[in-house]
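Heads up: the structure comes next, in structure tokens.
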Amino acid sequence: MKPVILVTRKLPDAVEDRLRRDYDPRLNPGDVLYSADELIERAGDVDAILPCHTEKFTAEVIARLPGRVRAIANFSVGYDHVDVKAARARGIIVTNTPEVLSDATAELTMMLLLGAARRASEGERLVRTGTWKDWSPGFMVGTQVTGKRLGILGFGRIGQVVAKRARGFDMEIHYHDVRRATPDLEAGAIFHPTPEAMMPHCDFLTLHCVSTPETFRLLNAVRIALLPDGAIVVNASRGAVVDDEALIGALKSGKLTAAGLDVYTNEPDIHPGYRDLPNVFLMPHIASATKETRDAMGFRALDNLDAVFAGREPRDRVA
Ligand code: 8YV
């Protein structure tokens, strides 16, 4: 008997083909978003769940999962949507998909950084709406990226790839992480022992830390005030890391020149204040959305499930 897997969202064809080959999958061809109750009901006779970040495994949901569920193999690197303590307490294995999405996420980070600096939203809107009427030397002047200082908050796999890409723009890399990286990973990047120490060195600040109670609203009014006037902020990690009111306030006052965001608190019902700001470049949580990466994320989640059902330790176990 093949293990039964509840797959909560429509996954890439190649991933679903492998699921059908090796498992008895309960697929979601219509890509319907399941409520917590539906999730629990559908988990009734399954051996594992393969969810996305859109399914919230709170302590309450985990407590209600049937005993047969052995693993939650996430199709995501972030796992803040899973109460890992509750999963651990019930002996449910939790895995994620690191590494395979670092390049795609770093690409989108650079797009956010460039888009925010060079006023991509404003420019695109002008051209698209037919409101572009003239040109002058002062028209749509933005912020140059080349040679500027980039602060990376969270120097893990994604942060490190962002540093590499940013070096292509001759940026001076600063970073803060809970641990200092080895010299080969640093590759000349300047370590700061606290976020506060790094802030004054950031012409650009990009967030790549995990979302935990410790990083909740890490970028708040106090830390924004420590950034140089006119700095630009980028976030492709999790919305919870940013205090929306503080960021919107700083974008309105001119303390910050611009921001590029891919992630938000309460997606897709984001803080309405962002929508009216001309100086934000907004994307709908698509940093890992390339064909190559979405396939690789699915295969990595399946590698983890394969290990669970072969009685081996899954490579990406987080609980
Ligand atoms: C995904 C992400 O789009 O992996 C993550 O943590 O935020 C994105 O890459 C999403 O989480 C898929 O479930």
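The values are calculated or read from the model by the stated rules, or taken from the named source; none is laboratory data. What you see is a predicted model, and the numbers here were worked out from it, not measured in a lab. Ideal geometry is used to build each Cβ from the backbone, glycine not excepted, and the neighbour counts take in all protein chains shown. When the accessible area is computed, the model is the full protein with side chains, heavy atoms only, and any ligands, DNA or RNA have been set aside. Shrake-Rupley method; radii C 1.70, N 1.55, O 1.52, S 1.80 Å.
Taking Cα atoms, how many degrees apart are the long axis of helix 13-22 and the longest axis of the chain, rounded to 10 and kept between 0 and 90?
20
Given charges of +1 on the Cβ of Lys and Arg and -1 on the Cβ of Asp and Glu, with all other atoms neutral, how large is the dipole of the stretch 102-282 about its Cα centre, in debye to the nearest 20?
Dipole size: approximately 240 debye.
Kirkwood Rh over Cα pairs of the chain into Stokes-Einstein at 37 °C, 0.692 mPa s: D in µm²/s? Please report the intermediate quantities before stating the final value.
Details: Rh = 20.9 Å.
It diffuses with D of about 157 µm²/s by this estimate.
Any idea what the alpha-carbon Rg over 2.2 N^0.38 Å comes to for the stretch 102-282?
Rg over 2.2 N^0.38 Å, computed on Cα atoms: 1.00.
Quick one: which of 255-268, 170-183 comes out on top by average Cβ neighbours within 10 Å, and what's the full order, highest first? List each step's numbers first, then the result.
Working: 255-268: 20.0, 170-183: 16.1.
Ranked from most to least packed, the peptides come out as 255-268, 170-183.
Counting pairs of alpha carbon atoms under 8 Å apart in space and at least six apart in sequence, what relative contact order in percent does the chain give? Spell out each step's value before the answer.
Details: 612 pairs, mean separation 58.2, N = 319.
Rounded, it is 18 percent for the chain.
With charges set only on the Cβ (+1 for Lys and Arg, -1 for Asp and Glu), what does the dipole of the chain come to about its Cα centre, in debye to the nearest 20?
The calculated dipole for the chain is roughly 200 debye.
Expressed as a whole percentage, what fraction of the accessible surface of the chain belongs to carbon and sulfur atoms when a 1.4 Å probe is rolled over the protein heavy atoms?
Whole-percent figure for carbon plus sulfur exposure: 54.
What does the accessible area per residue of the chain come to in Å², with a 1.4 Å probe and no ligands, DNA or RNA counted?
On a per-residue basis, the chain sits at 47 Å².
Can you give the angle from 0 to 90° between the axis of helix 244-253 and the longest principal axis of the chain, with both taken from C-alpha atoms, to the nearest 10?
Roughly 20 degrees, rounded to the nearest 10.
Would you please give the residues with an amide H less than 5 Å from that of residue 77, counting only those at least 5 places away or on a separate chain, with H modeled from the backbone geometry?
Distant-sequence amide H within range of residue 77: 97.
Sum -39500 (n - 2.57) across every DSSP H segment of at least 4 residues in the chain, then divide by the residue count to get the 222 nm mean residue ellipticity, nearest 500.
The helix contribution divided over the chain gives -9500 deg cm²/dmol.
Using square roots of five times the C-alpha gyration tensor eigenvalues, list the equivalent-ellipsoid semi-axes of the stretch 33-166 in whole Å, biggest first.
44, 20, 10
Rounded to whole Å, give me the distance from the Cα center of the stretch 257-300 to that of the stretch 215-251.
16
Peptides 216-227, 71-82, 32-43: what's the order by average Cβ count within 10 Å, highest mean first?
71-82, 216-227, 32-43
Picking from 253, 87, 150, whose Cα lies most toward the positive end of the charge dipole for the chain (charges on Cβ: Lys, Arg +1; Asp, Glu -1)?
150
Would you please put 306-315, 136-145 in order of how densely packed they are, using the mean number of other Cβ atoms within 10 angstrom per residue and starting with the highest?
Taking the mean over residues of other Cβ atoms within 10 Å, the ranking is 306-315, 136-145.
If you scale each eigenvalue of the Cα gyration tensor by 5 and take the root, what three semi-axes come out for the stretch 259-319, rounded to whole angstrom and sorted largest first?
36, 13, 8
Using only the alpha-carbon atoms, what does the stretch 206-315 span along each of its principal axes? Please give whole angstrom values in decreasing order.
In descending order, the Cα extents are 57, 29, 24 Å.
Collect residues whose amide H, placed 1.01 Å from N in the peptide plane, falls under 5 Å from the amide H of residue 172; neighbours closer than 5 in sequence don't count.
Amide H neighbours of residue 172, under 5 Å, 5+ apart: 148, 149, 150.
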